[in-house]
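The values are calculated or read from the model by the stated rules, or taken from the named source; none is laboratory data. Model, not experiment: these values are computed from the prediction. Note that we place each Cβ from the backbone using ideal geometry, even for glycine, and neighbour counts take in every protein chain shown.
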Amino acid sequence: MTALKKDTGDALMDEMLALGRAAKAASLKLAQAPREKKDLALKAMAAEIRAQAPKILAANERDMAAARARGLGAALLDRLLLDEKRVDGMAQGLEEVAQLPDPVGRSLGAWERPNGLRIERVAVPLGVIGIIYESRPNVTADAAGLCLKSGNAAILRGGSESAHSAAAILDCLQEGLCAAGLPKAAVQRLPTTDRAAVGIMLGLVEYIDLIIPRGGKGLIERVASESRIPVLKHLDGICHTYVDRAADPEMARKVVLNAKMRRTGICGATETLLIDRPALAFTKPILDDLIKAGCEIRGDAEIQALDKRVSAASPEDWDTEYLDAILSVKVVDGVGEAIEHIARHSSHHTEAIITADETAARRFLSEIDSGILLWNASTQFADGGEFGMGAEIGISTGKLHARGPVGAEQLTSYKYIVRGNGQVRP
């Protein structure tokens with residue numbers, strides 16, 4: 001029996017238990033599904049999303065209208081928005097996941113013992129994954145595709161602001177599953193936006209094997225404190241870019257502008273820019289580009305002296321994930337001080353160095369303890385799709401069970417298979 005105490009008159013509890021049972025049953029079938037069938041489903045999902053794009057966009061406009069009426073900020077509206085390009089991007093992501101090698105059944109190691117036992121470690125699905133996310137409706141497709149590829153069933157809980165979009169996308173995903181002869185319950189959504197359903201979900205220990213929260217600090221903290229199921233956490237994206245004295249000035253301008261302003265509302269956006277003191281000689285054009293693009297700059301005294309449009313940074317700015325067109329900028333003395341600042345203020349998500357000095361770069365890459373480190377590239381590349389994973393469920397900022405982009409391969413565990421010929425233990 002589930003560890004939850006069920007009130008027989010509680011309709012929501014009944015629904016959630018039914019959801020869990022159906023997901024568990026579907027996960028057992030998915031674990032044995034051949035690659036060909038999973039890939040067929042992924043391609044059918046992609047085709048259905050393209051075919052139903054007008055329906056998805058209409059549903060998204062309903063969500064956008066409600067969000068505007070609620071006064072959501074520009075960054076949150078951007079995360080919620082779907083257009084034709086983003087809808088096609090969801091379909092492309094599913095097709096790319098289909099092209100990946102099957103992560104299930106991989107041999108992760110094999111050896112033979114002196115007594116003749118042959119031992120092999122083999123990748124297996126986790127089972128049922130519960131994914132709780134906010135705003136971005138495309139996560140519905142990304143999460144479902146990665147869970148399917150890795151042989152896991154998924155229970156999804158998107159934010160209430162994206163409910164219509166997520167429902168329209170889910171219809172396409174389930175059509176794809178049915179077209180491939182796989183159980184429709186392999187991908188399900190919570191039946192309500194009631195927050196009480198999340199609390200029930202976090203206690204379904206009999207049916208759910210892993211919870212992945214993807215959203216703001218409030219969501220992550222709630223899930224981490226309430227869940228009785230193991231949690232793969234995706235915390236703040238307080239990402240840094242450090243411009244070293246040996247940086248190419250034009251490269252620095254291009255990379256910093258992209259790292260901050262390409263999309264300000266994603267977790268890989270740079271939130272703090274660190275400038276090596278000698279690099280102040282070519283920092284003014286970097287600030288000009290950012291301000292021209294609509295970015296508010298909050299800087300220390302030296303950055304303020306460089307440009308009167310810069311406001312003063314407060315101590316809190318160095319620990320803030322803005323998810324908006326705001327950037328904190330600080331002058332440091334060399335790569336060592338940059339590393340020290342990042343160690344104090346980073347969320348261990350993504351950091352970048354821009355330099356032509358290989359020694360400085362190697363020190364930066366070696367000494368910083370974050371999931372993703374880049375050399376001469378934008379932090380906006382912190383994305384499973386850009387890593388060749390097809391898509392991602394999130395960026396894990398912890399060290400267990402996965403770190404960095406979480407794709408299909410990271411959604412597996414393993415078991416040991418031992419082959420003998422009659423051995424007994426003395």
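Put simply, of Leu257, Leu273 the only residue that is in contact with a His (Cβ under 8 Å, 6 or more places away or on another chain), closer than 22 Å to Trp318 by Cα and not in a loop (DSSP other than H, G, I, E, B) is Leu273.
Just one of (1) in contact with a Phe, Trp or Tyr (Cβ under 9 Å, 6 or more places away or on another chain); (2) in a helix (DSSP H, G or I); (3) surrounded by fewer than 19 Cβ atoms within 10 Å (Cβ to Cβ) trips up Leu108, so point out which. Result: Leu108 fails condition (2) only. Consider region 266-305 and keep the residues that are of a type in the set (A, V, I, L, M) and in contact with a Gly (Cβ under 8 Å, 6 or more places away or on another chain). The one that is surrounded by the most Cβ atoms within 10 Å (Cβ to Cβ) is Ala269.
Sub-7 Å Cβ pairs linking a first residue in region 288-308 that is of a type in the set (S, T, N, Q) to a second residue that is part of a strand (DSSP E or B), at least 6 apart or interchain, are Gln304/Ala312, ordered by first then second residue.
Among the residues in region 51-72, are any under 30 Å from Lys415 (Cα atoms), touching a residue at least 40 places away in the same chain (Cβ under 8 Å) and in the same structural domain as Gly215 (by TED's automatic domain parsing)? Checked against the condition, which is being under 30 Å from Lys415 (Cα atoms), touching a residue at least 40 places away in the same chain (Cβ under 8 Å) and in the same structural domain as Gly215 (by TED's automatic domain parsing), region 51-72 yields no hits at all.
Among the residues of region 315-337, those that are in a loop (DSSP other than H, G, I, E, B) and either buried (at least 17 other Cβ atoms within 10 Å of the Cβ) or out of contact with any strand residue (DSSP E or B) (no Cβ under 8 Å at 6 or more places or on another chain) (or both) comprise Thr320, Glu321, Tyr322, Leu323, Asp324, Ala325.
Just one of (1) assigned to a helix (DSSP H, G or I); (2) among the basic types (Lys, Arg); (3) over 21 Å from Ala382 (Cβ atoms) fails for Arg309. It is (1). Screening the candidates Glu340, Glu386 for the property of being surrounded by fewer than 20 Cβ atoms within 10 Å (Cβ to Cβ), among the acidic types (Asp, Glu), outside the structural domain of Leu117 (by TED's automatic domain parsing) and not in a helix (DSSP H, G or I) yields one hit, Glu386.
Return yes when Arg425 is in a helix (DSSP H, G or I) and over 22 Å from Ile286 (Cβ atoms) and no when it is not. When the stated conditions are applied, Arg425 does not pass them.
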